[in-house]
Amino acid sequence: MPAVQLTAVSKTYRRRGRPPQKAIDNLDLLVESGGVHGFLGPNGSGKTTTIRVLLGLVSADAGGGEIRLLDQPVPQGLPDVIGGVGALVETPLFFPGFTGRLNLQLLAEAAGVPKSRVEECLELVDLSDRADDRFKGYSLGMKQRLGIAAALLKSPRLLILDEPSNGLDPAGIRDVRELIRRLGSDGQTTVLLSSHLLAEIQQVCDHVSILARGRCVASGPVGEVLASGGSGDVLVQVADPTAAAGILHQAGFAVSPADGALLVHSVPSPSEITRVLAQSGLYLEELRRVTPDLESAFLAITEDHPAGSGDQA
Amino acid sequence: MSAVVERSEAGPADPTVRRAGFGSLLRSELHRFRSRRFIQVVLAVAVIGWIVATIIALTQFGNPSDAEIARAEQQISTDVASMHQAWEDCQAHPEQGPPGVAPEDFCGPEPTRDTQRLEWYLDKAPFDFGATGNDGALAFAALSAVVAALVGATWIGAEWSTRSLVALLFWVPRRMQVMAAKLLVLVGAAALIGVVAQAGWLAMSGILRAVEGSDNQLPHGFWSDLLQTQGRGVLLTVIAALLAFGLTNLVRNTGAALGIAFVYLIIVESAVRAMRPHWSPWLLSDNAVGLVKHGGNTIYFYDGIPDSTGFVPQVEYYLGHLQAGVYLGAVTVVVVALGAVLFARRDIH
């Protein structure tokens, strides 16, 4: 059963005095149950709007498209599954005059969560000592941690986190990532992690979906997406790089120097390089395909689908 | 946040939440209401205000000596004689009045001893509960309505300004349920404020009677009239709270809502009374008085085209309890329902 399924979903914002803006454009998104699914895209690509649509805060355009959350249609079936969905969308939304504990207790009461779970979650995010301080006195990182605690309060089957590392110090970021990884691997929780931090997605996620201009332009296991966005570049180390560059150039390869080695671009088959150089009496010391990182893949993919100039997230 | 990685036992297990009922939400909203600092401050200020008002009232009443009463009676006799002379002169010269108006209408009723009240002639009159009971209930209803309006406005306004209302929707996605819970809590709280305010009036008048009260017997049917006035005062308090809530929910900002209310009460109503006096029966403040005031509210205004002598006839319009209550109720329902429907249908960011 997919945790999240969007099929041909669109959302258009009408703007006074300006043309309507399509924040989501015929979006298809599938998040299978279990694991951590990254949700990546440049600013204005529609990530947060997608999350708001999923949570019923924003209605999708009428007349087409299907949204399912934990196998229930949204928004009609949302009340039936909301008890299994925890969410932190953008900044944590709490009453500033209330203590951290009281803010969580009020949410727990509204949803029938036992009080003991509040204490568990406060401890989980290391806020027990400051739980009786008012929320407005919290640092940005503490606010974010309280937001994560609130999202975990329901022991959710689906945890939706929108930029959870915002405001956290390096140790906090590491801990949140550990937590997300652990939740994703417990076999019961699906984590949908929206982040602009490519490294975070690469470190934490099993799967990733990349959004550009409100459309999903790539989706799948992180490794596959990396490969699909890879450059096909190959690093070649030989004793005489100048001679090798000339030979490869004559053979039709695009070559550039790289720190005493050569970078041969867009090589469909690296064995061809071996053959060409060996025929000229040059023998390889090293031949290695350059592994693309997510940043390269992301840029490659989104350059194919340039983002709109709007700022709707 | 090292605990994050150390405490695996606190991670998700089976979902703790299934589907909470409306009762859970109502309890949570009640808890939230009780915990709101601004509401606590407003109610505390109201209590302090009552104490101060009682102390000031004690200084305004007194038990006059027989000599003071005799002097006052003497002054009343002199004044009544003087007023009676003026009234007789008026009756004798009807041509001085506007054409077509009978002298008895122009000159007013005949002045007698009964038209003058003893306390007007005393520096400190004794407190007369029988004479002031209903007016006091009206005044306390007005004050409790103001307090309840502040509470109603901040109750929903702060939820919008902090966006904690949005956070609640992650837990209770049925928006009308959320709105209904907040409204129910507010209605209960406003009714309590209204009842406590009227009890405050009874307590204040009890203190004033005990310390500086007159020996006058309470008029026949006094308690029945007073309790009815107080009941309508409680109703006005609830209506004020709901109106403020509804308006704030529409504009989604407490300050803006209170600003609109201020502009309406001070500027719009004054402008209407000056420029369109025949619209007065539709003004909220006149209807509020009509709802609560014992015997209803009779509005007098000058309307129509002046005749050749420049005389504009006076119009008398009676606003009864029922009419005022239905009108205020209808306005409240429209404002609250509009805000609730927009909340249920609009995108929330």
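Read-outs: derived from the displayed coordinates by stated rules, not from any lab. What you are looking at is a predicted structure, and each value in this text was computed from that prediction instead of being measured. Reconstructed Cβ throughout: ideal geometry from the backbone, glycine too, with neighbour counts over all protein chains shown.
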> Is the shape of chain A best called rounded, prolate or oblate, per the rule: a/c under 1.5 gives rounded, else a/b larger than b/c gives prolate, else oblate, with a ≥ b ≥ c the square roots of the Cα gyration tensor eigenvalues?
Replying inline: prolate
> Where is the GNM fluctuation largest for chain B (alpha-carbon springs, 10 angstrom cutoff): B:Leu338, B:Leu183, B:Leu208?
Replying inline: B:Leu338
> Give me the Kirkwood hydrodynamic radius of the protein assembly as shown in Å, from all C-alpha pairs, to one decimal place?
Replying inline: 31.1
> Fully extended, how many nm does the chain gain between B:Val333 and B:Gln60 (0.36 nm per residue separation, minus their Cα-Cα distance)?
Replying inline: 94.1 nm
>> List the Cys residues of the protein assembly as shown that have no partner Cys with a C-beta closer than 4.7 Å.
In response: A:Cys121, A:Cys205, A:Cys216
>> Let me spell out the model: positive unit charges on the Cβ of Lys and Arg, negative unit charges on the Cβ of Asp and Glu, origin at the Cα centre of region A:56-176. What dipole size does that give, in debye rounded to 20?
In response: 220
> Which listed residue (A:Phe298, A:Leu107, A:Gly232) has the Cα farthest towards the positive end of the charge dipole for chain A, taking +1 on Lys and Arg C-beta and -1 on Asp and Glu C-beta about the Cα centre?
Replying inline: A:Leu107
>> Can you tell me, using C-alpha contacts under 8 Å and at least 6 residues apart, the relative contact order of chain A as a whole percent?
In response: 22
>> Around B:Lys124, under 11 Å between beta carbons, what's the net of Lys plus Arg minus Asp minus Glu among the other residues?
In response: -4
>> Just to verify a number: FRET efficiency for B:Val195 and B:Asp303, C-beta to C-beta distance, R0 = 51 Å, to 0.05?
In response: 0.85
> To the nearest Å, what is the center-to-center distance of region B:92-129 and region A:71-138, using C-alpha atoms only?
Replying inline: 68
> Roughly how tilted is helix B:254-263, in degrees to the nearest 10 and between 0 and 90, from the longest Cα axis of chain B?
Replying inline: 20
> GNM, chain A, Cα, under 10 Å: largest mean-square fluctuation among A:Gln144, A:Gln202, A:Gln21?
Replying inline: A:Gln21
> GNM on chain B, C-alpha springs below 10 Å: top fluctuator among B:Thr78, B:Thr332, B:Thr154?
Replying inline: B:Thr78
> How much length is gained if the chain between A:Leu235 and A:His265 is pulled fully straight, taking 0.36 nm per residue apart and subtracting their Cα-Cα distance, in nm to one decimal?
Replying inline: 9.9 nm
> Any idea which of A:Gly220, B:Val47, B:Tyr302 is furthest toward the positive side of the dipole for the protein assembly as shown, if Lys and Arg beta-carbons carry +1 and Asp and Glu beta-carbons -1?
Replying inline: A:Gly220
> In deg cm²/dmol and to the nearest 500, what is the mean residue ellipticity at 222 nm of chain A if only DSSP H runs of at least 4 residues count, each as -39500 (n - 2.57), divided by the residue total?
Replying inline: -10000 deg cm²/dmol
> Any idea what the dipole of chain A comes to, in debye rounded to 20, about its Cα centre with Lys/Arg Cβ at +1 and Asp/Glu Cβ at -1?
Replying inline: 1180
>> Can you give me the long-range amide H partners of B:Arg174? Hydrogens built in the peptide plane at 1.01 Å from N, cutoff under 5 Å, separation of 5 or more residues or another chain.
In response: none
> A:Ser10's amide H: which non-local residues (gap 5+, or another chain) put their own amide H closer than 5 Å, with H modeled 1.01 Å from N in plane and none for Pro or chain starts?
Replying inline: A:Asn26, A:Leu27, A:Asp61
> Cα centroid distance between region B:313-333 and region B:223-258, in Å?
Replying inline: 16
>> Please list, ordered by chain and number, the residues whose modelled amide H lies under 5 Å from the amide H of A:Ile160; skip anything fewer than 5 residues away on the same chain.
In response: A:Gly86, A:Ala87, A:Leu88, A:Leu192
> Farthest toward the dipole's positive end in the protein assembly as shown, which of A:Val74, B:Pro98, A:Ala131, given Cβ charges of +1 (Lys, Arg) and -1 (Asp, Glu) about the Cα centre?
Replying inline: A:Val74
> Suppose every K and R has +1 on its Cβ and every D and E has -1 on its Cβ; what is the size of the dipole of region B:74-123 about the Cα centre, in Debye to the nearest 20?
Replying inline: 60
> Ordered by residue, what ³J(HN,Hα) values in Hz, to whole numbers, does region A:127-143 give under the Karplus form 6.51 cos²θ - 1.76 cosθ + 1.60, where θ = phi - 60° and Gly and Pro are x?
Replying inline: 10, 4, 5, 10, 5, 9, 7, 6, 4, 5, x, 6, 6, 4, x, 5, 4
>> Can you tell me the orientation of helix B:37-60 relative to chain B, as the angle in degrees between its alpha-carbon axis and the longest Cα principal axis, to the nearest 10?
In response: 20
> Extension gain B:Asn253-B:Glu88, at 0.36 nm per residue separation less the Cα-Cα distance, in nm?
Replying inline: 53.3 nm
> Across region B:184-192, in residue order, what do the Karplus-derived ³J(HN,Hα) couplings come to in whole Hz, using 6.51 cos²θ - 1.76 cosθ + 1.60 with θ = phi - 60° and x for Gly and Pro?
Replying inline: 4, 4, 5, 4, x, 5, 5, 4, 5
>> Taking 25 Å as R0, compute the FRET efficiency from the Cβ-Cβ separation of B:Gln228 and B:Leu265 and round it to 0.05.
In response: 0.45
